[in-house]
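Taking it in order: structure first as structure tokens, then the write-up.
The values are calculated or read from the model by the stated rules, or taken from the named source; none is laboratory data. Bear in mind that the values here come from a model prediction, so they are computed numbers and not experimental data. Cβ placement follows ideal geometry from the backbone for every residue including glycine, while neighbour counts extend to all protein chains displayed.
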Ligand SMILES: [Zn+2]
């Protein structure tokens, strides 16, 4: 009798509709570990290690049910790195969930998969920077496979961030949808290490209508979410407006939220490895960002309306311009 009862309860529990949309923690940790193995050789742009990372991301995109926009997930681009005249090649990985009606608002998630390769003669595996952001993005894509978003949500694993945000600039210069439709970028860069479990969410200084939305999103344990690091008020090095891929969206006037931790002792060091990742913190961050994606997807028309209001209220500012090399330029930047 006991056995029958237990199995009945189990059946009842299994048949309940999923109330919470939860990331697959085990798979997220596997993705994080695989992206940081020595075989990936630090995922430096243009290397075999980066190609291996892309092959893995393509496999996981496929499993997450992401749809390619062209024939493959790859978006190839050329760029000239900082302090160089050399032309180099990079490849972004792009897929989407949801129905593309050709006109509705679009949310774009980004996380760079490239890292430094070798540094100081050792492999820099870049676990926090930024295998953690990519693994979180993959986990979110997988949840959205089973809980399709209302709007089109684009996922972009970006290349060539470390030498100048080049993948992001290539993406924004050649978006797969009309740029006017993109009302929010959520960028993930470093989600795995902080002694206080503190996760900054930057962006609301520039787009103040985002502030109360960010505060309304459920934060998963053990994460302590704070808003900031997006204005001069945060002191030297404390304004992260240009510190990661969201900067390309910023220059195009597209609202962004950057989720990423403060600098730490393993930043850009060979010690930024899977072993030093705070697993609970990383998983809490991935879940928190999933909550954000679900929250914003459900309200993307509201965000689009608030953005239109925000733009209408702006004084006639100089528009972001595209420089001769095809990059967006800040007003006043030549
Ligand atoms: Zn990074």
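Residue 188 - would you say it is within 16 Å of the ligand (Cβ to nearest atom) and touching a residue at least 24 places away in the same chain (Cβ under 8 Å)? Lay out the reasoning, then the answer.
Numbers: within 16 Å of the ligand (Cβ to nearest atom): yes; touching a residue at least 24 places away in the same chain (Cβ under 8 Å): yes.
In short, yes.
Looking at (1) touching a residue at least 60 places away in the same chain (Cβ under 8 Å); (2) surrounded by fewer than 24 Cβ atoms within 10 Å (Cβ to Cβ); (3) within 17 Å of the chain's Cα centre (by Cα), find the lone condition where residue 73 falls short.
Condition not satisfied by residue 73: (1).
Could you list all residues from the range 250-274 that are touching a residue at least 40 places away in the same chain (Cβ under 8 Å) and over 17 Å from residue 201 (Cβ atoms)? Let's see the steps before the verdict.
Taking the range 250-274 and keeping what is touching a residue at least 40 places away in the same chain (Cβ under 8 Å), we get 250-262, 264, 266-270, 272-274.
Residues satisfying the conditions are 251, 252, 253, 264, 266, 267, 268, 269, 270, 272, 273, 274.
Restricting to the range 111-126, count the residues that are away from the ligand (no atom under 11 Å from the Cβ) and either closer than 24 Å to residue 254 by Cα or buried (at least 19 other Cβ atoms within 10 Å of the Cβ) (or both). It would help to see each step written out before you state the result.
Within the range 111-126, the subset away from the ligand (no atom under 11 Å from the Cβ) is 117-125.
Filter again for either closer than 24 Å to residue 254 by Cα or buried (at least 19 other Cβ atoms within 10 Å of the Cβ) (or both), leaving 117, 123-125.
Number satisfying all stated conditions: 4.
Restricting attention to strands (runs of 3 or more DSSP E) lying wholly within the range 21-128, give those where 1 or more residues are closer than 30 Å to residue 265 by Cβ and touching a helix residue (DSSP H, G or I) at 6+ places or on another chain (Cβ under 7 Å). Outline the logic, then answer.
Details: elements: 74-79, 88-97, 106-112, 117-119, 122-124.
The qualifying strands (runs of 3 or more DSSP E) are 88-97, 106-112, 117-119, 122-124.
Within the range 229-236, can one find any residue that is buried (at least 23 other Cβ atoms within 10 Å of the Cβ) and within 16 Å of the ligand (Cβ to nearest atom)?
Kept after step one, since they are buried (at least 23 other Cβ atoms within 10 Å of the Cβ), are these residues of the range 229-236: 230.
Cutting the leftovers down to within 16 Å of the ligand (Cβ to nearest atom) gives us none.
There is no residue in the range 229-236 that is buried (at least 23 other Cβ atoms within 10 Å of the Cβ) and within 16 Å of the ligand (Cβ to nearest atom).
Quick one: which of 312, 320, 292, 304 is over 22 Å from the mean Cα position of the chain (by Cα) and at pLDDT 55 or above?
Values: 320 fails: at pLDDT 55 or above; 292 fails: over 22 Å from the mean Cα position of the chain (by Cα); 304 fails: over 22 Å from the mean Cα position of the chain (by Cα).
None of the others qualify; the one that does is 312.
Checking residue 142 against (1) within 16 Å of the ligand (Cβ to nearest atom); (2) at pLDDT 95 or above; (3) over 26 Å from residue 173 (Cβ atoms): exactly one of these is not met. Which one?
Status for residue 142: all satisfied but (1).
Quick one: count up the residues across the range 142-158 that are under 11 Å from residue 293 (Cβ atoms), out of contact with any helix residue (DSSP H, G or I) (no Cβ under 7 Å at 6 or more places or on another chain) and part of a helix (DSSP H, G or I). Step through it out loud before you land on a result.
In the first step, residues of the range 142-158 are kept if they are under 11 Å from residue 293 (Cβ atoms); the result is 143-144, 147, 149, 151, 153, 155.
Next, only the ones that are out of contact with any helix residue (DSSP H, G or I) (no Cβ under 7 Å at 6 or more places or on another chain) stay: 144, 147.
Filter once more, so that each one left must be part of a helix (DSSP H, G or I): 144.
Matching residues across the range 142-158 total 1.
Each row is one residue, and each column tells you yes or no for (1) surrounded by fewer than 24 Cβ atoms within 10 Å (Cβ to Cβ); (2) under 12 Å from the mean Cα position of the chain (by Cα); (3) under 30 Å from residue 276 (Cα atoms); (4) away from the ligand (no atom under 13 Å from the Cβ).
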{"site": "152", "(1), (2), (3), (4)": "no, no, no, yes"}
{"site": "160", "(1), (2), (3), (4)": "no, no, yes, no"}
{"site": "165", "(1), (2), (3), (4)": "no, no, yes, no"}
{"site": "184", "(1), (2), (3), (4)": "no, yes, no, yes"}
